[in-house]
Amino acid sequence: MEKIICSHCKEAIEGKPKRTFLGFQRYTCQSCKKPTVYPLTSGYRAIYWIAIVVFALGSLMALQQGNVLIPGILLIAATIGLIKDKSIQKKIISNKI
C-alpha cells in the first residue's frame, strides 16, 4: 500500500489504487470522497512508448508502399495517455513544492 496526498483536501490517502481506462492509478480519498489520479507506472509508460514506435515504423513502411494512412485507436489512446501522464506528473510536482 502506498501513501499519497489527496489533490483536493490535502489529506493522506492510504489504500490500493484502482486503474482507469488508460491505466492511471486512481485513489479515492477517505475524507472528501473525491478521486485523485496519479501518473502511469513505468510499465504502462514503456508499453505506450513501444506501441507508438511500432506504429510509427509501420506507418513509415506503409507510406513507402504508397498506402493511405488512418491512425488507429491504439495509437491515439497511447498518445493521449502519455500526454495526460505528463500533465499529471507536472501537477503533482507543483503540489509538492
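Things worth noting here:
- Sub-8 Å Cβ pairs linking a first residue in the stretch 19-32 that is under 23 Å from G43 (Cβ atoms) and modelled with pLDDT of 90 or more to a second residue that is acidic (D, E) and not in a strand (DSSP E or B), at least 6 apart or interchain, are F24/D85, ordered by first then second residue.
Residue by residue, here is whether (1) hydrophobic (A, V, I, L, M, F, W, C); (2) modelled with pLDDT under 85 holds:
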residue: S42; (1), (2): no, no
residue: V54; (1), (2): yes, no
residue: M61; (1), (2): yes, no
residue: P71; (1), (2): no, yes
residue: I80; (1), (2): yes, no
residue: K96; (1), (2): no, yes
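- Contact map, the stretch 45-60: residues that are β-branched (V, I, T) paired with residues that are in a helix (DSSP H, G or I) and modelled with pLDDT under 90, Cβ distance under 8 Å, separation 6+ or inter-chain. Pairs shown: I52/L75.
- In the stretch 61-81, the residues that are among the aliphatic types (A, V, I, L, M) and loosely packed, with under 11 Cβ neighbours inside 10 Å: M61, V68, I70, I73
The values are calculated or read from the model by the stated rules, or taken from the named source; none is laboratory data. Remember, predicted model here, so these are calculated numbers, not experimental data. Using ideal geometry, Cβ is built from the backbone for each residue, glycine included, and neighbour counts are taken over all protein chains shown.
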